[in-house]
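> Below you'll find the structure I mean.
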Amino acid sequence: MGSTAREEMSRFWEKNTRSNRPLSPHVTIYKWSLPMAMSITHRGTGVALSLGVSLFGLAALLLPEPFPHYLAQVRALSLGPALLCSAKFLLALPLSYHTWNGIRHLV
């Protein structure tokens, strides 16, 4: 006859308690290091770049006007040079970091 999940979980914990096996350490006990932070940032920038390229491609397929039309609309907003430079920097930073960190890893 089958058992419930609660019974299985109870058996599992009783077995572990009797055997005195060490538990796996939780992620919060690890001391942060530079390689750990760089690895996490590399994964984050990879996910962000992947989502950005996917959304840009999807927008190119679904939006009715060609890209120059939307570029002209952004230019018509007449945003200041500080805001434009900041936006360009925020777009280039993840790409640059992900690229150079990947090359560093390969070397």
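> Run the accessible area of segment 34-106 with a 1.4 Å probe and give the carbon-and-sulfur part as a rounded percent.
Numbers: 4620 of 6000 Å².
After summing per-atom areas, the C and S share lands at 77 percent.
> Kirkwood-based Rg over Rh for segment 42-107 (C-alpha set), two decimals?
Radius of gyration relative to Kirkwood radius: 1.08.
> Only helical DSSP H runs with n ≥ 4 go in: add -39500 (n - 2.57) per run for the chain, normalise by residue count and round the 222 nm mean residue ellipticity to 500 deg cm²/dmol.
That calculation yields -25500 deg cm²/dmol at 222 nm.
> While we're on this one: For segment 11-50, which chymotrypsin sites (Phe, Trp or Tyr not before Pro) pass both filters: DSSP loop (anything but H, G, I, E, B) and at most 12 other C-beta atoms within 10 Å?
Here the chymotrypsin sites (Phe, Trp or Tyr not before Pro) that fit, given the DSSP loop and packing criteria, are Tyr30, Trp32.
> Next question, about the same structure. Given a Förster distance of 41 angstrom, what is the FRET efficiency for Cys85 paired with Arg21, based on the Cβ-Cβ distance and rounded to 0.05?
0.15
> Could you give the spread of the C-alpha atoms of segment 1-96 along their three principal axes, from largest to smallest, in whole angstroms?
Projected onto its principal axes, the Cα set of segment 1-96 covers 71, 41, 18 Å.
> Another question, then. Per residue, how many Å² of accessible area does the chain show with a 1.4 Å probe? The partial results should precede the final answer.
Values: 9720 Å² over 107 residues.
Here the per-residue accessible area is 91 Å².
The values are calculated or read from the model by the stated rules, or taken from the named source; none is laboratory data. Keep in mind it's a predicted model, so treat the numbers as computed, not measured. Heads up, the Cβs are rebuilt from the backbone with ideal geometry, glycines too, and the neighbour counts pull from every protein chain shown. Keep in mind that these areas ignore ligands, DNA and RNA; they rest on the heavy atoms of the full protein, side chains included. Shrake-Rupley method; radii C 1.70, N 1.55, O 1.52, S 1.80 Å.
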